[in-house]
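Data block below; observations after.
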Amino acid sequence: MKPTTLEAVTELLATKFDVPREKVQPQAELQSLGLDSLSLMEFVFAIEDHFSLRIPEDRLDPRQAQLTVADLCRALEECQASAAGLATAA
Amino acid sequence: MNTRHACITGCGVVSPLGLGLDAFDEALFGGQSAVRAEELQLPGAAPTRVPLARCAFDEGQVQAPSKVPLDRGSAMALAAAAAATRQAAWEPGVTDPERVGIFWGSGMGGAASFDATCRGLYAEARRIRPTSVVTAMPNAPLAELALRYGARGSALGYACACASAAVAIGEALRALRDGRLDLAIVGGSDALLSPGVIGAWQAMRVLAPVNGPADGDGRLACRPFAADRAGFALGEGAAALVLETEAHARARGAIWNVQLSGYASNCDGMHITQPDPSGQARAMHAALRDAGLTPGDIGHVNAHGTATAAGDAAEAESLRRVFGSAPPAVTATKSAVGHLLGAGGAVEFVATLRALHRRMVPPTAHAAALDAGFEIDLVRGSARVLPRLNHALSNSFAFGGTNAVLVASRVD
């Protein structure tokens with residue numbers, strides 16, 4: 001997990017979803033951040049828009065129990081890598 | 001024992017004539033119009049000019065109590081209610097939450113937000129956001145208001161087209177009279193100036209054309225009761241009032257100088273768009289009875305006055321039937337702010353309250369020749385002072401046939 005990914009996630013959660021920065025730790029579960037299910041979905045939309053990508057639903061469902069901030073960051077990085085791979089192939 | 005009337009202890013407005021009561025007042029009584037011509041470009045159609053009245057309002061400055069993205073209309077509702085509660089010096093906690101209600105009107109709810117969602121989906125293959133439903137649902141503004149003010153008594157929405165807000169205000173009066181609530185935040189909002197919605201009204205041929213020099217680049221496009229009237233301008237906005245039982249207002253030391261004295265609503269039950277003068281006259285008579293007043297007590301009527309050929313003819317006739325040879329001073333606010341659809345009844349009721357407060361009737365914002373067939377006393381040119389003005393009516397007549405009439409009075 002790159003520090004820049006975590007920073008972007010933290011920034012968005014803090015500025016748009018009123019989540020205190022100190023709560024956004026890699027091992028923190030997404031469901032522990034105080035967002036209801038609708039807000040969690042909005043957050044995932046927003047972070048996908050930020051990175052201009054979409055996480056396939058079979059790769060990560062944000063409502064899944066025990067999913068952590070680190071899991072989300074890794075999914076984002078994988079999608080970035082595969083998008084970069086596609087771009088190179090093209 | 002509750003009194004028949006409700007005390008109006010606060011009011012707030014977000015209107016094309018200005019944000020806030022002072023700006024609204026100054027422009028309204030100064031005879032200004034906020035209507036401007038804009039180009040509407042729809043796919044598959046030639047560009048056309050339409051008359052619109054926009055608010056200089058930034059919804060990004062409004063925090064959603066729900067944290068859900070706000071429809072522009074919901075943001076206006078929150079801003080208007082914030083101004084109204086501030087003027088009333090009321091905040092949540094002052095009143096038992098189970099005795100607080102929200103009564104709100106909207107004609108098409110979040111149709112503009114949904115138009116944007118559909119445009120994104122069909123034209124740009126964009127995803128539908130998970131919050132699309134709760135942003136665009138017709139009760140979104142009142143749900144946000146209930147969250148903001150912790151209202152647990154009731155939160156009711158009224159969708160009766162152009163009578164929505166007037167019905168909401170009137171139904172709140174009934175709830176207060178019945179002893180079900182002590183205080184209600186009431187009004188209406190609509191912000192529908194998106195291409196799909198404007199196009200829908202344009203397709204109905206009810207928007208005034210804005211091609212002639214007589215239109216003043218749109219400012220004079222909406223000419224209620226004129227011989228050459230040709231339709232209305234679409235506006236956007238919101239207005240909110242704080243209504244209280246007199247016992248509750250007195251107990252908390254509130255100050256008020258106007259009251260909601262009566263209300264009636266009925267339905268023509270005749271036609272989906274054509275208004276019926278007899279239904280309108282019945283509604284005015286019923287509202288007067290409800291207030292314990294007679295036509296002779298009414299010094300001023302804020303007309304529905306849409307400036308459509310059929311609408312104004314019906315209203316002029318119903319006013320003649322109710323007031324006969326002694327017509328009160330009539331004004332038509334839509335010439336200045338446009339047609340605010342579901343919010344119109346609330347913004348026009350605020351205009352009525354300002355007229356009572358100042359004992360002065362704001363002018364209708366055009367100078368065209370009146371229809372010779374109408375026996376009404378339309379105030380134009382400049383505001384008219386009425387030193388003995390004590391009671392006024394505000395009319396709202398809707399597509400679908402719903403008629404709603406509010407009666408307001410000075411408290412001296």
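Couple of notes before you dig in:
- Computed from the Kirkwood radius of its Cα pairs, the Stokes-Einstein diffusion coefficient for chain B at 20 °C and 1.002 mPa s stands at 103 µm²/s.
- Whole-angstrom gap from the range B:314-335 to the range B:101-139, using each part's C-alpha centre: 37
- Charge tally in the Cβ shell below 9 Å around residue B:218, where Lys, Arg are +1 and Asp, Glu are -1, residue B:218 excluded: 0
- Rounded, prolate or oblate (a/c below 1.5 giving rounded, otherwise prolate when a/b exceeds b/c) for the range B:284-412 by Cα gyration tensor: rounded
- Of B:24, B:399, B:225, the one that fluctuates the most in a GNM where chain B has Cα springs shorter than 10 Å: B:399
- The three principal axes of the C-alpha atoms in the range B:105-165 carry coordinate ranges of 42, 27, 10 Å, sorted with the longest axis first.
- Simple point charges give the picture: +1 on the Cβ of Lys and Arg, -1 on the Cβ of Asp and Glu, and for the range A:7-90 a dipole about the Cα centre of about 80 debye.
- Lysines whose Cα lies under 18 Å from that of residue B:334, excluding same-chain neighbours fewer than 8 positions away: none
- Percent of C-alpha pairs per 10 Å bin, the protein assembly as shown, short to long: 4, 19, 27, 22, 14, 9, 5, 1, 0
- Proximal charge balance of residue B:145 [Cβ under 14 Å; K/R count +1, D/E count -1]: -1
- Chain B - mean residue ellipticity at 222 nm from DSSP helices (-39,500 (n - 2.57) per run, n ≥ 4, rounded to 500): -9500 deg cm²/dmol
- Sorting the segments B:107-113, A:78-84, B:288-294 by their residues' average number of neighbouring beta-carbon atoms within 10 angstrom, most packed first, yields B:107-113, B:288-294, A:78-84.
- For chain A: rounded, prolate or oblate by the Cα gyration tensor [a/c cutoff 1.5]: prolate
- If only the Cβ of Lys and Arg carry +1 and only the Cβ of Asp and Glu carry -1, the dipole of chain B around its Cα centre is close to 320 debye.
- Cα centroid of the range B:338-412 to Cα centroid of the range B:197-262, whole Å: 9
- Listed by chain and number, the aspartates and glutamates whose alpha-carbon sits under 13 Å from that of residue A:2, ignoring those within fewer than 8 places in the same chain, are A:71, A:77, A:78.
Every read-out reported here was derived from the displayed coordinates using simple, explicitly stated rules and does not represent laboratory data. Everything quoted here is computed from the prediction, not taken from an experiment. Positions of Cβ are generated from backbone atoms using ideal geometry, with glycine treated the same way; all protein chains shown enter the neighbour counts.
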